[in-house]
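Okay, structure first, notes after.
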Amino acid sequence: MGYGDEVNPWVANYVQADPKRLIAVGGYEPHYGDGAKAADRLRDLGVKAVKIHTVHQHIRPDDELLRPLFTRLEELAMPVIFHTGTSRFPGADNSFADPAPVGAVCGRFPELPVILAHGGRPDQTEAALEVVDEFDNAWLDLSSCPPSRLAAYFGNVETLAARTLWGSDWPGPGVPGMGANIEAFLKLGLSGAANRAILHDNAQRLLDGVA
């Protein structure tokens, strides 16, 4: 979204203020540097996941430029996060928002944890769900999805709980706050097991696996 590599050490340092609560997620620009070396550098910084912001980096998830990065991330069991769904921010090219190509990444790298940020909302949620349904290493992320819209976007969230990750996208536009979003989510009436899995346990399991 316009940031350079300098943001990675900045974020890694920032989370040291409270490492029990904060997790560093890094970025990678495939046109500037070897992907495998970048993954090792991020790992050494303490970064726990890498996000590819497809609509702002103007790159498909299955672009060959990203293969060296994914190969190394798979070895490290470090999750890769893809933006999916429409972005309203300046510079976004929403022709890169389609979740479907994420499936190719899941298939080529079956041990790589792959997270579909935003679940393709608002118009490509079915494509996101198809990827999650087909590939065991794919995870649905709920960030920037208002809790009141989850059923419209994804149907019965209870049945998706085993591979769904909570997120608010705060302080993004229209997000009232992390606490307010969780309160609204808990009012959906999901089981206690589903709530625990989505809000905490699934993410903890993913992070515990990072080499």
Residue-normalised accessible area of segment 9-144, given per residue in Å² at a 1.4 Å probe: 47
Show me, for segment 148-164, the HN-Hα J-couplings you get by feeding each phi into the Karplus relation (A = 6.51, B = -1.76, C = 1.60, θ = phi - 60°), rounded to Hz, glycine and proline as x. 5, 9, 4, 5, 5, 6, 10, x, 7, 5, 4, 6, 9, 4, 5, 9, 10
How much area per residue is accessible in segment 149-211 when the probe is 1.4 Å and only protein heavy atoms are counted (Å²)? 55
Pop out the ³J(HN,Hα) list for segment 93-107 in order, Karplus 6.51 cos²θ - 1.76 cosθ + 1.60 with θ = phi - 60°, rounded to Hz; leave Gly and Pro as x. 10, 6, 5, 9, 8, 5, x, 3, x, 4, x, 5, 5, 4, x
Using only the alpha-carbon atoms, how far is helix 125-134 inclined from the longest principal axis of the chain? Give it as 0 to 90 degrees, nearest 10. 70
Around Gly26, which amide H atoms from residues at least 5 apart in sequence, or from another chain, sit under 5 Å from its own amide H, with H modelled in the peptide plane? Lys48, Ala49, Val50, Lys51
List the residues whose amide H sits under 5 Å from the amide H of Thr84, counting only those 5 or more places along or on another chain, with H placed 1.01 Å from N in the peptide plane. Ala117, Gly119, Gly120
From the phi of every residue in segment 78-83, what ³J(HN,Hα) in whole Hz does the Karplus formula 6.51 cos²θ - 1.76 cosθ + 1.60 yield, where θ is phi - 60° and glycine or proline is x? 8, x, 10, 10, 10, 5
Checking rank on 24-36, 50-62, 102-114, with mean other Cβ inside 10 Å and highest first, the result is 50-62, 102-114, 24-36
On the protein heavy atoms, probe 1.4 angstrom, tell me the percent of accessible surface of the chain carried by carbon and sulfur. 53
Acute angle (nearest 10 degrees) that the helix 67-76 long axis makes with the longest principal axis of the chain, alpha-carbon atoms: 70
Which residues qualify? For Leu165, with a placed amide H closer than 5 Å and at least 5 residues away or on another chain, they are Leu140, Asp141, Leu142
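The values are calculated or read from the model by the stated rules, or taken from the named source; none is laboratory data. Since we're looking at a predicted model, the values are computed, not measured. In this analysis, Cβ positions are derived from the backbone assuming ideal geometry, glycine residues included, and neighbour counts consider all displayed protein chains. To get the accessible areas, we keep the full protein, side chains included, count just its heavy atoms, and leave off ligands, DNA and RNA. Shrake-Rupley method; radii C 1.70, N 1.55, O 1.52, S 1.80 Å.
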